[in-house]
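Right, one structure below, let's go through it.
The values are calculated or read from the model by the stated rules, or taken from the named source; none is laboratory data. Since this is a predicted model, take the numbers as computed values, not measurements. Backbone-built Cβ (ideal geometry, glycine too); neighbour counts: all protein chains shown. Only protein heavy atoms, including side chains, enter the accessible area calculation; ligands, DNA and RNA are left aside. Shrake-Rupley method; radii C 1.70, N 1.55, O 1.52, S 1.80 Å.
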Amino acid sequence: MKRWMFWLITAIVVALVFVGFGYTKKRETQKQFDNLMSQAITNAQAAEYKKTELNLQDALRKKPDDVVAKQRLEQVKLYQEGLAELKQDDYEQAQLTFRSTAKISPSLSILTQRAKKKDKLLESVLKQREKYDDLYNEAIRLTEIGAYSQSNENLVQILDGKNIDEKYYSQVRKDARELQERNNSILEQIRIQNQQAAIRRQREQQRQEETKKAQQAAVSSSSSAENQNGEPKKNDDKNNGQDNVKNDSESKPETNNSATEPQPNNENK
């Protein structure tokens, strides 16, 4: 009887030891789990998302079936995907990813807040980019039909636009500047061609004026020469008339004298 009692007591003691050890182990595991979850929150707040992911993975090793740890791990992975898409300028997909990130529950509240903020920012960015894209496409159309100045007016609206220097608009900003440089180059060529054409017209006009003046001078000179050649003839005719009258007047007395001159008397002979 005493032997039996001894083994019974021994079994009870061993059982209590194992139960105590299991309880202690469970408490230790829970403590480690809690610490890892707490570290995950701290790292998430510090934007140390890779460390946050590792913390949650370690926490799940302690408690593989914990729903909170699983959801938070999914959330931090999804948030990092959104950041990667944002870095690659895939704004449409990034917005969808951040929107999905914000809907996960239970979650890391800091990631939910940041995901909502990113979603709102990208919504504004995409609307502004759509506006810039419309202006740029219209500028392209105007350039193609030769309306370079009007095209530049659209491009100025882009390049002087709100927040145009932010990274979200880097591509449309680059495209707008390249098209503006192209338009300006063509406009400069047109300006030079017009200037050269104006100079040619001015020279042609001067040449025509000089030719006209030369022709007028030639006509005037010819008229003067004709006038000079005509006046002496009139004077000669007049002088000749006067000489004829004089000669006539001189010849008449001779005729009269001979008529009145006494004839010899035949009777004397």
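Across the protein chains, with a 1.4 Å probe defining accessible surface, the residues 116, 103 rank 103, 116 from largest area downward. The alpha carbon centroids of the stretch 122-158 and the stretch 72-98 are separated by 29 Å. Relative to the Cα centre, the charge distribution of the stretch 67-214, modelled as +1 at Lys and Arg Cβ and -1 at Asp and Glu Cβ, gives a dipole magnitude of about 320 debye. Given R0 = 35 Å, the distance between the Cβ atoms of residue 194 and residue 160 translates into a calculated FRET efficiency of 0.80. Measuring only protein heavy atoms, the 1.4 Å probe finds residue 201 accessible over about 150 Å². Among 180, 154, 198, whose Cα projects farthest towards the positive end of the dipole of the stretch 144-226, with charges put on the beta-carbon of Lys, Arg (+1) and Asp, Glu (-1)? About the Cα centre, the residue reaching furthest to the positive side is 198.
Give me the net charge for the shell around residue 51: Cβ to Cβ below 15 angstrom, other residues only, Lys and Arg +1, Asp and Glu -1. Intermediate values should be presented prior to the final figure.
Working: positive: 50, 72, 77; negative: 48, 53, 58.
That sum, taken over residues with Cβ under 15 Å, equals 0.
Past 18 Å, Cα to Cα, is the threshold; run 26/70; 31/103; 51/167; 127/167; 51/118 against it and keep the listed order. The answer is 26/70; 31/103; 51/167; 51/118.
Dipole orientation for the stretch 13-146: of the candidates 105, 79, 94, 105 has the Cα lying most toward the positive pole (charges on Cβ; Lys, Arg +1; Asp, Glu -1). Among 169, 148, the sequence by solvent-accessible area, most first, with a 1.4 Å probe is 148, 169.
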